[in-house]
């Protein structure tokens, strides 16, 4: 397994960060065939409120954690998709940066 970890600090607040996650979810489902499940109002290990968007498809699975000040994405790639790790990471990074702009 190959792993991608992307973290982005932001100043959007929780409501706008949720909107970013919802937009990313739409694109992930439409463009990449991801099955997504959104879990709202969890508490992370730092005691902050967070939402978690879990996603998966053949060869890839992960999550996007959303807080009022940060987005954290972890993606695990299966053997065949691991060969494309750099391109996948670049595309996701560019997409998240665009959504946060």
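Each reported figure results from applying straightforward, stated rules to the coordinates on display, with no laboratory input. In this text, all values refer to a predicted model and were calculated from it rather than measured experimentally. Here the Cβ positions follow ideal geometry from the backbone for every residue, glycine too, while neighbour counts run over all protein chains shown.
Summary of computed values
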quantity: Residue match in segment 55-66 (condition: within 16 Å of residue 12 (Cβ to Cβ), in contact with a strand residue (DSSP E or B) (Cβ under 6 Å, 6 or more places away or on another chain) and part of a loop (DSSP other than H, G, I, E, B)); calculated: no
quantity: Of residues in segment 1-52 being touching a helix residue (DSSP H, G or I) at 6+ places or on another chain (Cβ under 7 Å), assigned to a strand (DSSP E or B) and touching a residue at least 40 places away in the same chain (Cβ under 8 Å), the one farthest from residue 97 (Cα to Cα); calculated: 2
quantity: Count of residues meeting criterion [touching a residue at least 24 places away in the same chain (Cβ under 8 Å), surrounded by 15 or more Cβ atoms within 10 Å (Cβ to Cβ), under 14 Å from the mean Cα position of the chain (by Cα) and closer than 20 Å to residue 22 by Cα] in segment 63-87; calculated: 8
